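Structure first, then comments.
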C-alpha cells in the first residue's frame, strides 16, 4: 500500500468471516508493517487465540457465521483493555449502548481507511 501508515511492531488480530474482506484487510495491515493474527472467522477460534495472546488491537466483524450480530468478543476485549474497532455492514442501531462508543467502520470501506483507523487505536 503506497504511503501506508507505519504499524511496525504492532500485532493486530483480524476477526472476520468473509474470505475476501478478511484476506484483503490482513494484507493491508501487513503492508503497513503489522504482524497479523488470523484472520479468524469464528468466535471459538478467536476466543482460543485471545486466551493465549494479547494483540495490540483487533479488527472485529459483528456477524461471524450465521445468527446475526454477536458481542461476546467485544465485551471480552473491553474487559481485557484491548483496543478494537468494528468492521461491519450492520447499522449502528444494532450495537448495544455499552458498545456505542466503539469505532464502527461501515463495509464496504477502502482498506487505507481501515489501516488509518487501526493506527489510531
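We did not get these values from a lab; they are worked out from the coordinates using the rules stated. Note that the structure is predicted; figures quoted are calculated from it, not measured. No Cβ is skipped: glycine too gets one built from the backbone with ideal geometry, and neighbour counts run over all protein chains shown.
Tabulated data
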read-out	value
For 47, 86, 71, order by how many other beta-carbon atoms lie within 10 Å, fewest first	47, 71, 86
The chain, relative contact order in percent, only Cα pairs under 8 angstrom and at least six apart counted	26
Separation in nanometres of the label points that stand 7 Å from Cα toward Cβ, at residue 90 and residue 20	2.3
Neighbour-count order for 61, 18, 91, fewest beta carbons within 10 angstrom listed first	91, 18, 61
Estimated [θ] at 222 nm from DSSP helical runs (n ≥ 4, -39500 (n - 2.57)) normalised by residues in the chain, nearest 500	-10000 deg cm²/dmol
Distance between modelled label sites at residue 103 and residue 42, nm, 7 Å Cα→Cβ extension	3.0
Residue order, fewest to most surrounding Cβ atoms within 10 angstrom, among 88, 11	11, 88
Modelled label reach - residue 11, point 7 Å along Cα→Cβ, the range 81-121 residues with backbone N closer than 15 Å	82-83
Crossing angle, helix 43-52 versus the chain [Cα axis fit, 0-90 degrees, rounded to tens]	60
Gain on full stretching of the segment that runs from residue 110 to residue 54 - 0.36 nm per residue minus C-alpha separation	17.5 nm
